[in-house]
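Reading through the structure tokens given below for one structure.
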Amino acid sequence: MDHTTLAMILSVIFLLYNLVKAIFSQSNTKLPPGPKPVPIFGNIFELGDKPHRSFANLAKIHGPLITLKLGSVTTIVVSSAEVAKEMFLTNDQLLANRNVPNSVTAGDHHKLTMSWLPVSPKWKTFRKITAVHLLSPQRLDACQALRHTKVKQLYEYVQECAKRGEAVDIGKAAFTTSLNLLSNLFFSVELANHTSSSSQEFKELIWDIMEDIGKPNYADYFPVLKCVDPWGIRRRLESNFDKLIEVFQSFIRKRLSTEPFSASAKTPNDVLDVLLNLLKEEELNMGEINHLLVDIFDAGTDTTSSTFEWAMAELVRNPEMMKKAQDEIEQVLGKDAIIQESDIPKMPYLQAIIKETLRLHPPTVFLLPRKASSNVELYGYVVPKNAQILVNLWAIGRDPTVWDNPNMFSPERFLNSDIDVKGRDFGLLPFGAGRRICPGMNLAYRMLTLMLATLLQSFDWKLGDGVNPKDLDMDEKFGIALQKTKPLQVIPVLKY
């Protein structure tokens, strides 16, 4: 369906609707300011292909809390640390439910996963299962050796590339490492290796899912189009969900066929054992297990690898910062010691690099959309009931009232600072805050620091073909996460 046909259909359907709604709109409701909407379409045409940048520019004109009309949907955008602080400290409960995109209804995903369920007894059960059984500090501590094994495989792959003088696709290498960590943690198997195409195929599948969930969709702005799915986003997403679930089901079927399951007969060894015990005890059904795995593998692979790629890109552009991090690592470890997670707290500059990357390049550009359960007062305005709320992490990380030179990559800003990424410092919310904070935060942070320390300890890095580091392409493509448009390819050089 082309844009002209769609515009004609919408004009007929919504002209009277919008006129009547304008007449009877809440004249006494003090909405946040925003650009003037055009009839029927509202502010849709102001989204652009990079909505996070468009919204940040609008915030410079209208303020850190703005109202947009996206078709028939009232959307409130939060773009500053000050507004985010009030939102999460004062109104988190009233703004904790989800505004569910039409695409996410594919395969009833929104009903079967913690990420999209409203706050409810079922959501609390999912949250407890994740916190206690899947990603608890005890389980993360117990799988420390597994993380080291996967990072060692990454090191060995990069070492072979260095010996051959070949460039490393940093995003792909980090994705393979993250994917194999999760597949071993959950299924005790390797899903990919660094020299095959399987990880790239899996990466493309995950990115397609993340992109389709994140991209603007007319079916979200005009309810009558939900059943039509005019650009096939929901249908495409359902197909990709099915492909991913079939991968998980192949492991589940094998486990069920080869190991008769009894919750009292064995101690769970991996996460799949835990999930199947919960299935047997009827705390979860198979659909919930499938979609829980979809969420965890989506969030735990693409966002981590994208953040790592951005960190390496920033260091390649700033070789003096890379050298400073390498010197710190050598000072703590010497030349030959294998990095342990217990060494990371002794490396403040390395941690500052990770924090600065998360500030400028957050794992998700917007927090997943929220919905107001009732009229809520925020920053002196009213967020109306059922309005969609978007928290623009990209803009908050560049909030000039919080950060000096906000567009500059400067890890030094975090030295001698107690700012962390755990949702308590509202200028830095890469994993969100409040009751909807990302449960995989600790695993992601551990992997990012361990991978970065390993690749900086043993290798120098250079661009091929005489490319000046300052000319490195840093363009981005929009989805739930921001990926580099042009993958980072850099040549490792063995230091010792």
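Is the shape of the range 95-223 rounded, prolate or oblate, going by the alpha carbon gyration tensor and its root eigenvalues a ≥ b ≥ c, with a/c under 1.5 for rounded and a/b larger than b/c for prolate? Taking the square roots of the gyration eigenvalues as a ≥ b ≥ c, the range 95-223 is oblate. In this structure, the amide hydrogen of residue 189, modeled 1.01 Å from its nitrogen in the peptide plane, lies closer than 5 angstrom to those of 184, counting only residues at least 5 positions away or on a different chain. For the range 471-485, the Karplus equation 6.51 cos²θ - 1.76 cosθ + 1.60, evaluated at θ = phi - 60°, returns couplings of 9, 4, 5, 10, 5, 10, 10, 8, x, 4, 9, 9, 9, 5, 4 Hz by residue, with Gly and Pro reported as x. For residue 42, the residues whose modelled amide H falls within less than 5 Å of its own, excluding neighbours fewer than 5 places apart on the same chain, are 71. Computed extension length for residue 226-residue 327: 30.8 nm, one decimal, from 0.36 nm per residue of separation with the Cα-Cα distance subtracted. Between residue 166 and residue 412, full extension at 0.36 nm per residue minus the direct alpha carbon distance yields a gain of 85.4 nm.
Which one of 233, 199, 292 is farthest out on the positive end of the charge dipole of the range 185-343, using unit charges on Cβ (Lys, Arg +1; Asp, Glu -1) and the Cα centre as origin? Checked the options; the winner is 233. Which of rounded, prolate, oblate describes the range 413-496, given a ≥ b ≥ c as roots of the alpha-carbon gyration tensor eigenvalues and a/c under 1.5 marking rounded, otherwise prolate only if a/b is larger than b/c? It is prolate, given that a/c is not under 1.5 and a/b is the larger ratio. Ligands, DNA and RNA left out, the accessible area of the range 3-494 computed with a 1.4 Å probe is 53% carbon and sulfur.
At a probe radius of 1.4 angstrom, the accessible area of the range 3-494 per residue rounds to 43 square angstrom. For the chain, the 222 nm mean residue ellipticity estimated from helices alone, with every DSSP H stretch of n ≥ 4 adding -39500 (n - 2.57) and the total spread over all residues, rounds to -15500 deg cm²/dmol. Just need the relative contact order of the range 3-494 here, percent rounded to a whole number, with Cα pairs under 8 Å and 6+ apart. Averaging sequence separation for qualifying contacts and normalising by length gives 24 percent for the range 3-494.
Rounded to the nearest 20, the Cβ-based charge dipole of the chain about its Cα centre (Lys and Arg +1, Asp and Glu -1) stands at 1080 debye. Classified by the C-alpha gyration tensor, the range 210-369 has an oblate form. Its axis ratio a/c, with a ≥ b ≥ c, is 1.5 or above, and a/b does not exceed b/c.
Across the range 186-200, rounded Karplus estimates of 3J(HN,Hα) from the backbone phi angles (6.51 cos²θ - 1.76 cosθ + 1.60, θ = phi - 60°) give 8, 10, 6, 9, 8, 8, 7, 9, 5, 9, 10, 8, 5, 5, 5 Hz, Gly and Pro being marked x. Straight-line cross-link partners of residue 335 among the aspartates and glutamates, defined as a Cα under 12 Å from its Cα and at least 8 positions apart when in the same chain: 327.
Taken about its Cα centre, the range 234-351 carries a charge dipole of about 340 debye when Lys and Arg each add +1 at the Cβ and Asp and Glu each add -1 at the Cβ.
Stretched out straight at 0.36 nm per residue, the stretch from residue 269 to residue 465 would grow longer than its current Cα-Cα span by 65.7 nm.
The values are calculated or read from the model by the stated rules, or taken from the named source; none is laboratory data. Computed from a predicted model, the values in this text were never measured in an experiment. Note that we place each Cβ from the backbone using ideal geometry, even for glycine, and neighbour counts take in every protein chain shown. Heavy atoms of the whole protein, side chains included, go into the accessibility calculation; ligands, DNA and RNA do not. Shrake-Rupley method; radii C 1.70, N 1.55, O 1.52, S 1.80 Å.
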